[in-house]
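Notes follow once the structure below has been shown.
Just so you know, all these numbers are worked out from the coordinates, no wet-lab data involved. Remember, it's a predicted structure, so these values are computed and weren't measured experimentally. Reconstructed Cβ throughout: ideal geometry from the backbone, glycine too, with neighbour counts over all protein chains shown.
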Amino acid sequence: MAIIVSRFHEQITTQLLETARQALRRGGIPESHVHVTWVPGAFELPVVAEAAAVSERFDVIVALGCVIRGETPHFEYVASEAARGLGNVALAHRIAVGFGVLTTETLVQAQARVSKGAEAVQAALETADAIERLDAASRD
């Protein structure tokens, strides 16, 4: 599994990563099977997810980030491009991509949602399992 984490709003993304790691431990996935990569911000998540997918080293990718609305439309551009780019990686490579990018109005809202790291891991693992089951069914 590749986990890609944005450094922007690191006080939040570090907590997202910790809840993701907790979910992995609960799922019995050893830390040695998890590769964590840090990127500058949420906008950079898709290109690094693409690199992870192209490497064919990973069955699952989880992207963690935090975009908090400011006074300019920058929020919309970054959030939209992160979502679009990560979705494109999932579709182009038929790989499970967990979307753990918070988009909130305030830092307080982001702090209240750090459990989304665990939810992104769970969603990605379930998606990977569904893809594997479909592949197996198509071979029967």
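Do we have any residue at all in segment 32-42 that's over 19 Å from Ala128 (Cα atoms), in contact with a Ser or Thr (Cβ under 9 Å, 6 or more places away or on another chain), part of a strand (DSSP E or B) and not acidic (Asp, Glu)? Yes, some residue in segment 32-42 is over 19 Å from Ala128 (Cα atoms), in contact with a Ser or Thr (Cβ under 9 Å, 6 or more places away or on another chain), part of a strand (DSSP E or B) and not acidic (Asp, Glu). Here Phe75 does not qualify as within 13 Å of the chain's Cα centre (by Cα), at negative phi and of a type in the set (Phe, Trp, Tyr). Considering segment 111-140, the residues that are more than 17 Å from Val60 (Cβ to Cβ) and touching a residue at least 40 places away in the same chain (Cβ under 8 Å) include one that is farthest from the chain's Cα centre (by Cα), namely Gln111. Of Ala112, Ala118, all but one fail to be aliphatic (A, V, I, L, M) and out of contact with any Ser or Thr (no Cβ under 8 Å at 6 or more places or on another chain); the exception is Ala112.
Annotation: Val54 fulfils all but one of (1) part of a helix (DSSP H, G or I); (2) buried (at least 22 other Cβ atoms within 10 Å of the Cβ); (3) aliphatic (A, V, I, L, M); the unmet one is (2). If you go through segment 89-108 and keep only what is part of a helix (DSSP H, G or I) and either closer than 20 Å to Arg7 by Cβ or within 13 Å of the chain's Cα centre (by Cα) (or both), you end up with Val89, Ala90, Leu107. Residues in segment 46-72 that are under 16 Å from the mean Cα position of the chain (by Cα) and without any contact (Cβ under 8 Å) to a residue 24 or more places away in the chain: Ala51 alone. Looking only at residues in segment 61-88 that are among the β-branched types (Val, Ile, Thr) and surrounded by fewer than 24 Cβ atoms within 10 Å (Cβ to Cβ), which one is farthest from Leu45 (Cα to Cα)? Of everything passing the filter in segment 61-88, Thr72 is farthest from Leu45 (Cα to Cα). Looking across segment 4-57, the residues that are among the hydrophobic types (A, V, I, L, M, F, W, C) and under 17 Å from Ala79 (Cα atoms) come down to Ile4, Val5, Phe8, Ile12, Leu16, Val39, Ala42, Phe43, Leu45, Val47, Val48, Ala49.
Here Ile61 clears all of (1) of a type outside the set (Phe, Trp, Tyr); (2) in a helix (DSSP H, G or I); (3) within 16 Å of Val121 (Cα to Cα); (4) touching a helix residue (DSSP H, G or I) at 6+ places or on another chain (Cβ under 6 Å) except the condition numbered (2).
Residue by residue, here is whether (1) in contact (Cβ under 8 Å) with a residue 12 or more places away in the chain; (2) within 14 Å of the chain's Cα centre (by Cα); (3) buried (at least 20 other Cβ atoms within 10 Å of the Cβ) holds:
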residue	(1), (2), (3)
Glu18	yes, yes, no
Gly27	yes, no, no
Ser32	no, no, no
Pro40	yes, no, no
